[in-house]
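The values are calculated or read from the model by the stated rules, or taken from the named source; none is laboratory data. Since the structure is predicted, the reported quantities are computational estimates derived from the model, not experimental observations. Neighbour counts are summed over all protein chains in view; Cβ atoms, including those assigned to glycine, are modelled from backbone coordinates with ideal geometry. For the accessible areas, the whole protein counts, side chains as well, though only heavy atoms, and no ligand, DNA or RNA atoms are used. Shrake-Rupley method; radii C 1.70, N 1.55, O 1.52, S 1.80 Å.
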Amino acid sequence: MESTLKRTWAETDLDALVHNYRTLRERVGKDVKFLGVVKADAYGHGAIEVSKVLEKEGADYLAVSSIDEAMELRLNDIKMPILILGHTPKEQVGRLIEYDITQAVTCKSKAVEYSEEAVKLGKPLKIHIKVDTGMSRLGFLVEDDHFETGVEGIAEAVNYPMLDAEGIFTHFAVSDEPGEECKAYTEHQFKLFTDVIKGVESKTGRRFKIRHCANTGAVANYLDMCLDMVRPGLLLYGYGEFAEKLGLKPVMTLKSVVSTVKIYPKGTKISYGGIFETSDTTRIGVIPYGYADGFLRCLSNKCSLYTEEGFAPQRGKICMDMCMIDLTGKPGVDVGSEIEIFGNHNSLNELAALAGTIPYEITCAVSKRVPRTYIKDGKVIGKELMLRM
Ligand SMILES: *Cc1c(COP(=O)(O)O)cnc(C)c1O
């Protein structure tokens with residue numbers, strides 16, 4: 001590791017990613033296509049490297065949130081199909097077509113706009129229709145009274161000129177939540193989705209090639225809902241209770257070093273606000289990992305970081321650029337010692353629970369100041385500084 005990287009850095013374990021992909025692939029069966037969700041820089045893991053691995057492993061599709069994210073992949077030589085799940089302004093239709101990017105179409109007016117642009121260019125735009133079956137976010141409304149108009153609207157949209165409706169999808173709201181109520185809700189969403197598909201297909205007389213709805217929760221809990229393609233994100237990265245149950249491995253390890261060690265007498269207040277006061281002579285280490293690196297400030301004085309001599313409680317308020325940990329009784333941990341913020345020893349799931357959030361938020365929060373390193377066969381095969389040099 002170059003010294004410039006040895007501040008705080010994220011290790012993306014590509015072997016763990018391959019393991020997770022293959023495990024999930026096997027779980028859903030060979031007849032089901034696999035879309036890897038790599039939006040938000042692959043949940044902070046590095047979208048380019050993650051996508052390269054998925055492409056090499058034979059995944060069928062990638063999904064991102066915006067055209068910029070899709071372009072990042074295309075300009076870095078990712079050739080496989082990419083679906084944009086979110087908003088793309090109609091002015092970008094030319095680029096979508098030029099770079100062979102598939103766009104989600106979330107309502108009729110979007111279909112109209114996209115079709116008009118594609119007609120002007122004289123080239124078809126590949127789309128997947130998004131259906132709102134109960135997430136109440138994006139997608140054609142089809143619930144209750146909206147069923148007939150929804151089906152009609154989708155049937156019209158797929159027939160607009162220069163729209164090539166390859167797929168149709170919906171998103172589950174509570175497939176990852178326990179309890180009968182959530183199960184019923186998910187089953188209702190699924191039934192509504194398949195009813196809509198039936199309705200549209202009988203109206204148009206054509207079939208959607210790729211019908212998909214299974215996110216992490218569904219791949220874990222509702223294997224009968226895979227349809228033509230699954231669409232997991234979190235499971236691929238190996239976090240959450242289901243990942244543990246399925247034997248998946250956490251892909252990211254976030255590491256830092258001890259930058260300073262000092263011994264304070266009893267009664268010393270540590271960091272902003274003085275919320276922590278030493279109750280005895282205390283050996284404090286300063287870690288160059290703060291909220292600007294992605295350490296959620298709400299974890300202040302609540303969590304522990306892992307050292308080679310065990311867990312060290314974090315003390316006082318987390319600052320922008322650093323935080324303090326208690327190294328009392330850990331004489332072997334000194335300036336330059338490596339610290340695991342989360343990874344195989346310090347569970348991200350537990351850290352997220354302590355913060356009252358989900359693992360997604362913590363890996364997505366790892367900021368661009370934190371360089372990424374990529375591990376394959378146990379060796380560092382790549383390093384990425386995210387700052388504009
Ligand atoms: C983010 C996202 C996913 C992946 O969700 P996970 O819970 O990480 O599996 C799937 N589908 C859509 C539409 C998404 O926005």
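Descriptive notes on the structure:
- The single condition among (1) without any contact (Cβ under 8 Å) to a residue 40 or more places away in the chain; (2) under 17 Å from ASP132 (Cβ atoms); (3) open to solvent by less than 30 Å² (accessible area, probe 1.4 Å) that THR149 does not satisfy is (3).
- Residue in segment 41-64 that is in the same structural domain as ALA218 (by TED's automatic domain parsing), of a type in the set (Lys, Arg) and touching a strand residue (DSSP E or B) at 6+ places or on another chain (Cβ under 7 Å) present: no
- Among the residues listed as ILE381, ILE341, ILE358, the single one being farther than 17 Å from GLY44 by Cβ and of a type in the set (A, V, I, L, M): ILE381
- Residue selection: ASP195 fails the criterion of being more than 14 Å from the ligand (Cβ to nearest atom) and loosely packed, with under 14 Cβ neighbours inside 10 Å.
- Taken over segment 26-40, the criterion of being away from the ligand (no atom under 15 Å from the Cβ) and of a type in the set (Lys, Arg) is satisfied by LYS30 alone.
- Breaking point among (1) within 13 Å of the ligand (Cβ to nearest atom); (2) surrounded by fewer than 22 Cβ atoms within 10 Å (Cβ to Cβ), for MET71: (1)
- Where a residue in segment 170-181 is farther than 19 Å from ALA243 by Cα and its partner, wherever it lies, is open to solvent by 40 Å² or more (accessible area, probe 1.4 Å) and within 12 Å of the ligand (Cβ to nearest atom), with Cβ under 6 Å and at least six apart: HIS171/MET135
- Restricting segment 303-313 to residues that are out of contact with any Leu (no Cβ under 6 Å at 6 or more places or on another chain) and over 19 Å from SER367 (Cα atoms), the residue that is surrounded by the most Cβ atoms within 10 Å (Cβ to Cβ) is THR307.
- Unmet criterion (only one of (1) out of contact with any Lys or Arg (no Cβ under 8 Å at 6 or more places or on another chain); (2) within 20 Å of GLY167 (Cβ to Cβ); (3) within 16 Å of the ligand (Cβ to nearest atom)) for TYR43: (2)
- Matching residues, segment 132-160, being over 17 Å from ASP195 (Cα atoms), of a type in the set (Gly, Ala, Ser) and outside any helix (DSSP H, G or I): SER136
- Checking each residue in segment 74-87 for being away from the ligand (no atom under 16 Å from the Cβ) and either open to solvent by less than 10 Å² (accessible area, probe 1.4 Å) or at positive phi (or both) picks out ASP77, ILE78.
- Listed here are the strands (runs of 3 or more DSSP E) enclosed by segment 219-302 that have at least 1 residues being modelled with pLDDT of 95 or more and open to solvent by less than 10 Å² (accessible area, probe 1.4 Å): 252-257, 282-287.
- Some residue of segment 48-55 being touching a Ser or Thr at 6+ places or on another chain (Cβ under 7 Å), more than 16 Å from the ligand (Cβ to nearest atom) and at pLDDT 95 or above: yes
- Counted residues, segment 205-218 - those being outside any helix (DSSP H, G or I), near the ligand (Cβ under 9 Å from one of its atoms) and not aliphatic (A, V, I, L, M): 3
- In segment 116-131, of all residues being in a helix (DSSP H, G or I) and either modelled with pLDDT under 95 or open to solvent by 60 Å² or more (accessible area, probe 1.4 Å) (or both), the one that is nearest to PRO89 (Cα to Cα) corresponds to GLU116.
- Flag for LYS110 being within 16 Å of the ligand (Cβ to nearest atom), part of a helix (DSSP H, G or I) and under 22 Å from MET229 (Cβ atoms): yes
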